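Here is the structure we will look at, set down as structure tokens.
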Amino acid sequence: MKRTKILLVLLCGFILLASGCNRKDTDKDPQQNQEDIGENTEENSEEEQMEDSEVDIQIQSMTLRDKLGQLFIVGFEGKDIDEDTRHLIQDFKIGGVIFFGRNIENAEQVLELTNKLKDLNRDNEIPLFISTDEEGGKVSRLPKEFARLPEAVSIGNADNLDLSFRYGELMGLRLKTLGFNLNYAPVMDINSNPSNPVIGNRALGNNPEIVSKHGVQMIKGMKSIDIIPTLKHFPGHGDTSVDSHVGLPVVNKSLEEIKKFELVPFRRGIDEGAGMVMIAHILFPEIGGEYPSTMSREIMEDVLRGELGFDGVIISDDLTMGAITKNYTLEEATFKFLQSGGDIALICHGIDNINRVYEYIEDRVENGDISMEDIDEKVRRVIELKKEYGLEDRKIETLDMKIVEDKTNEMLNILK
């Protein structure tokens, strides 16, 4: 009973917060008749056509270098802007950056840095993705002022849909306060292998239903705060016994097997409108052939886009992880990822890596190894996702920690 009362207090507070943050006004007039609905549908269709036309015009005005930049999210060094970071944003016009511990000292410094990154991008009409991994538990990149949230399994164990929504909402609030707009969460893997060295309690649970229903609520929560969620690690990292940071996992399952298990949470998340899916470095020989999922057309085009109907942005897991670098050159792996259906290559380490790969991809496109139509379609998906969430390179002038601290403490008290 005590826990229920606490939960009700938390829910009321979050509802007031979220009411001013939602991307779309979801209030419905209960008396609205079918004629009004028809008129709204026509208006929405006209607006969508106009937006599509604007995006097409925008893409046509972009150089090849401008377009390719949108297909990269990169890591950078240090806790302030240096010449390498300036080069990535202003010369390559990269689509976004990812923060790690090496970029973070405290909350004030992180907010100042995200503001500086936005300012560097001011001459580019396409705003930056500013991203990080904030899963809760051991995978958290936020500065020390932010108490660490419980790991995902505690949310699955609580088995409370409202709580899961608020957990995602709180994640979004914490990130938005610091200037982030993209989060690599929730983990939609099913923790089905006790020998798994990398997923474990990062997963919401060990069965498809728990992971699906609570993952979907976390997606809704983050979306309500205008933070882009990312479903990961497609098509499922739960039944592996190798950490893809150091080696290439192999899962010997058929498509029919994973449709009934691993793919269930991803399908539910896609149906909920998740706009980004992260592809894992896992070899599925019976489905994806000789290549890991991040380089497999069968996995990305046939399964993710075809079987699950996903039409959003496909991002790779970090291409500098051991699963890739121990088996392929970074240049060829990145090219194969883009050629096989991927949209954004995530390269987290090494300015030399980024320079080398960027130039290599540029050469391959100019040689016709990837068509310009294909590049344009990838760029269109990226721009449309940024527009959907209203991304803009607008500075956040003040750091308001009070509401973050209050909501975090309330969540921690509930999950004790």
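Computed quantities for the displayed model
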| item | result |
| --- | --- |
| Cβ-Cβ under 8 Å pairs, at least 6 apart or on other chains, the range 285-309 side under 15 Å from Glu256 (Cβ atoms), far side basic (Lys, Arg) | Glu286/Lys253; Ile287/Lys253; Glu307/Lys259; Leu308/Arg267 |
| Hits in the range 281-332 - residues which are surrounded by fewer than 24 Cβ atoms within 10 Å (Cβ to Cβ), on the phi < 0 side of the Ramachandran plot and of a type in the set (Gly, Ala, Ser) | Gly306, Gly312, Gly322 |
| Test: residue in the range 124-144 that is of a type outside the set (S, T, N, Q), surrounded by fewer than 22 Cβ atoms within 10 Å (Cβ to Cβ), out of contact with any Lys or Arg (no Cβ under 9 Å at 6 or more places or on another chain) and assigned to a helix (DSSP H, G or I) | no |
| Pick from the range 361-374, criterion of a type in the set (A, V, I, L, M, F, W, C) and assigned to a helix (DSSP H, G or I), ranking: surrounded by the most Cβ atoms within 10 Å (Cβ to Cβ) | Ile361 |
| Subset of the range 55-69 [closer than 16 Å to Lys387 by Cα and open to solvent by 30 Å² or more (accessible area, probe 1.4 Å)] | Asp56, Ile57 |
| Filter result for Ile89 (in contact with a strand residue (DSSP E or B) (Cβ under 9 Å, 6 or more places away or on another chain) and at pLDDT 95 or above) | yes |
| Residue within the range 173-185 that is out of contact with any Leu (no Cβ under 7 Å at 6 or more places or on another chain) and at pLDDT below 95 present | no |
| Candidate set: the range 75-84, residues that are open to solvent by less than 60 Å² (accessible area, probe 1.4 Å) and not aliphatic (A, V, I, L, M); chosen: the one nearest to Ile361 (Cα to Cα) | Gly75 |
| Test: residue in the range 85-103 that is under 20 Å from Gly342 (Cβ atoms), part of a helix (DSSP H, G or I), open to solvent by less than 40 Å² (accessible area, probe 1.4 Å) and small (Gly, Ala, Ser) | no |
| Boolean, Phe72 is touching a residue at least 60 places away in the same chain (Cβ under 8 Å), among the hydrophobic types (A, V, I, L, M, F, W, C), open to solvent by 10 Å² or more (accessible area, probe 1.4 Å) and under 18 Å from His349 (Cβ atoms) | no |
| Scan of the range 387-414 for residues that are in a loop (DSSP other than H, G, I, E, B) and on the phi < 0 side of the Ramachandran plot, ordered by number | Tyr389, Leu391, Glu392, Asp393, Arg394, Lys395, Ile396, Glu397, Thr398, Leu399, Asp400, Met401 |
| Among residues of the range 168-216, those that are open to solvent by less than 30 Å² (accessible area, probe 1.4 Å), part of a helix (DSSP H, G or I) and polar (S, T, N, Q), counted | 2 |
| Among (1) open to solvent by less than 50 Å² (accessible area, probe 1.4 Å); (2) part of a helix (DSSP H, G or I); (3) out of contact with any helix residue (DSSP H, G or I) (no Cβ under 8 Å at 6 or more places or on another chain) - the single one Glu377 does not satisfy | (1) |
| Close pairs (6 angstrom Cβ cut-off, 6 or more residues apart or separate chains): in contact (Cβ under 8 Å) with a residue 24 or more places away in the chain in the range 125-152, part of a loop (DSSP other than H, G, I, E, B) and hydroxyl-bearing (Ser, Thr, Tyr) anywhere | Asp133/Tyr184 |
| Among the residues listed as Tyr389, Tyr358, the single one being in contact with an Asp or Glu (Cβ under 9 Å, 6 or more places away or on another chain) and either crowded, with 21+ Cβ neighbours inside 10 Å or of a type in the set (Ser, Thr, Tyr) (or both) | Tyr389 |
| Positions within the range 227-273 being open to solvent by less than 10 Å² (accessible area, probe 1.4 Å), under 16 Å from the mean Cα position of the chain (by Cα) and at pLDDT 95 or above, in sequence order | Ile227, Ile228, Pro229, Thr230, Leu231, Lys232, Phe234, Pro235, Pro265, Phe266, Gly269 |
| Near pairs, Cβ below 9 angstrom, 6+ apart or cross-chain, from the range 109-120 (under 10 Å from Lys395 (Cβ atoms)) to any residue that is in a helix (DSSP H, G or I) and open to solvent by 10 Å² or more (accessible area, probe 1.4 Å) | Leu111/Thr177 |
| Some residue of the range 335-351 being farther than 26 Å from Leu231 by Cβ and within 23 Å of the chain's Cα centre (by Cα) | yes |
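Rundown of residues vs (1) under 28 Å from Tyr358 (Cβ atoms); (2) modelled with pLDDT of 95 or more; (3) in a helix (DSSP H, G or I), yes/no style:
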site	(1), (2), (3)
Glu42	no, no, yes
Glu48	no, no, yes
Ile57	yes, no, yes
Lys67	yes, yes, yes
Asp80	yes, yes, no
Glu105	no, yes, no
Thr114	yes, yes, yes
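The values are calculated or read from the model by the stated rules, or taken from the named source; none is laboratory data. Note that the coordinates shown come from a computational prediction; the quantities given were computed from them, not determined experimentally. A quick note on method: Cβ atoms are made from the backbone with ideal geometry, for glycine too, and the neighbour counts reach across all protein chains shown. Side chains are part of the model used for accessible areas, which takes the heavy atoms of the whole protein and leaves out ligands, DNA and RNA. Shrake-Rupley method; radii C 1.70, N 1.55, O 1.52, S 1.80 Å.
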